[in-house]
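Asks: I'd like to ask some things about the structure below.
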Amino acid sequence: SPVSPDHTRRPQPVKLILCLSINDSNDKRSAEISILFVCSGNQPNEELKMKANSVLCETEAFLTCWPAGPTKRFPVSDATAILREALSSFLKEERYEVQRARELSLTLSAVIRERVKALRTPRYKLVVLVTVGQLNGQGLEIGSRCLWDVTHDTFASYSFKNSSLFGVASVFAVYFE
Amino acid sequence: MEEFQNGNESSFNSEEADNIVKECIESVVGKDDYSQNQVNKWTSGIVERCISQLIKLGKPFKYIVTCAVMQKTGAGLHTANSCYWDTAMDGSCTVRWESRTMYCVVSVFAVSIA
């Protein structure tokens, strides 16, 4: 909103130039705002400066609440490594057996969740999905779709098999502002 | 009627999602026998239909939908999930469906954004 001059004194012609620069890199966002007075004759009066300052403060408050995005992007390659190591170490020596496969899928999903949490990615919610099945010559297809924010949300996935069973693990990471 | 609405309107309603998923599976593979050529089309079709039906609910959630289609040969399959989220608002539902020739397991995860 325009800064109105003080009418009790002789009006001074003032031009205002508003400079706004926004730095929007992956790690952080910052903005610099300057209000420049271009005056003819006398210096700008204190009232004008105060009004300009209050405009700047309101703008700062507005920008501070603006959604910032994650300070650290979810590390997909680290998550994939966790999936690969967990599946390989737990399943390498196993043969398919009903009760054991059930336990393995539950254990793997809990273990993977804790290890991915340990990557310390603030403000990311995690969904871990593990499937363990018998190799019996059957056909199988697993697919997924997500409705989310592609700039912040992502997933990692890995599949493993030996002669008697297979394991597929996925972790979906959803940013929560 | 207002007074019979259960609990918190903005938390995930898994019963509602359950019905949506069942309808999506039926409409995509309800009448077919397992076929290796079609299975890719079926998994994509089921998840995409689920997502579009879930969007129509108009709730403030992000969704993850997974579908596994497996031929019936007597082989065993186990699925488990583990989530790190807000237990009050977020939720999931898993539907197991079978026909004479195949199994279909669909999981929906809803993560709130409000």
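The values are calculated or read from the model by the stated rules, or taken from the named source; none is laboratory data. Note that this is a predicted model, so its numbers are computed, not measured. Every residue, glycine as well, gets a Cβ built from its backbone with ideal geometry; the counts of neighbours run over all protein chains shown. Areas reflect the complete protein model, heavy atoms only, side chains present, ligands, DNA and RNA absent. Shrake-Rupley method; radii C 1.70, N 1.55, O 1.52, S 1.80 Å.
Asks: In a Debye calculation with equal point scatterers on the alpha-carbon sites of chain B and no solvent, what is log10 I(q)/I(0) at q = 0.16 Å⁻¹?
Replies: Debye intensities relative to I(0), on a log10 scale: -0.77.
Asks: Can you give the charge dipole size of region A:76-175 about its Cα centre, rounded to the nearest 20 debye, using +1 on the beta carbon of Lys and Arg and -1 on the beta carbon of Asp and Glu?
Replies: With only Lys, Arg, Asp and Glu charged at Cβ, the dipole is about 180 debye.
Asks: Sorted by accessible area with a 1.4 angstrom probe, largest first, how do A:D153, A:D78 fall?
Replies: Order by accessible area, largest first: A:D78, A:D153.
Asks: Given the whole protein assembly as supplied and a 1.4 Å probe, what does the accessible area of A:V14 come to in Å², nearest 10?
Replies: Taking all protein chains as shown, A:V14 has close to 50 Å².
Asks: Kindly sort B:I113, A:I35 by accessible area of their heavy atoms, largest first, with the probe set to 1.4 Å.
Replies: From most exposed to least exposed: B:I113, A:I35.
Asks: Decide, for region A:76-175, between rounded, prolate and oblate: order the square roots of the alpha carbon gyration tensor eigenvalues as a ≥ b ≥ c, take rounded if a/c falls under 1.5, and otherwise choose prolate if a/b is larger than b/c, else oblate.
Replies: Prolate shape, in that a/c is at least 1.5 and a/b is the bigger ratio.
Asks: Are there residues in region B:22-56 whose accessible area shrinks by at least 10 Å² when all protein chains are included rather than the chain by itself, and which are they (probe 1.4 Å, ligands and nucleic acids not counted)?
Replies: B:Y34, B:Q36, B:V39, B:N40, B:T43, B:S44, B:V47, B:E48, B:I51, B:I55
Asks: What is region A:76-175's relative contact order, in percent, from Cα pairs under 8 angstrom and six or more apart in sequence?
Replies: In percent, rounded to a whole number, it is 39.
Asks: When a/c reaches 1.5 or more, the comparison of a/b and b/c decides; with that in mind, is the protein assembly as shown rounded, prolate or oblate per its Cα gyration tensor?
Replies: Since a/c reaches 1.5 and a/b is larger than b/c, the shape of the protein assembly as shown is classed as prolate.
Asks: Sorting A:F90, A:F62, B:F109 by accessible area (1.4 Å probe), largest first, what list results?
Replies: Output order, biggest surface exposure first: A:F62, A:F90, B:F109.
Asks: What are the ³J(HN,Hα) values, in whole Hz, obtained from phi via the Karplus relation 6.51 cos²θ - 1.76 cosθ + 1.60 with θ = phi - 60°, for each residue of region A:127-134 in sequence order, with x given for Gly and Pro?
Replies: Once θ is set to phi - 60°, the couplings for region A:127-134 become 10, 10, 10, 10, 10, 10, x, 8 Hz.
Asks: Something else about it: Which value, in square angstrom to the nearest 100, describes the accessible area buried between chains A and B on both sides, using a 1.4 angstrom probe?
Replies: 3300 Å²
Asks: Once the piece of chain linking A:N162 and A:E47 is laid out straight, how much longer is it, given 0.36 nm per residue of separation minus the C-alpha distance between them?
Replies: 33.6 nm
Asks: Can you give me the solvent accessible area of A:M50 with a 1.4 Å probe, rounded to the nearest 10 Å²?
Replies: Roughly 140 Å² of A:M50 is accessible to a 1.4 Å probe.
Asks: Give me the percent of the accessible area of the protein assembly as shown that comes from carbon and sulfur atoms, probe 1.4 Å, all protein chains in place.
Replies: Summing carbon and sulfur atoms, their accessible area is 51 percent of the total for the protein assembly as shown.
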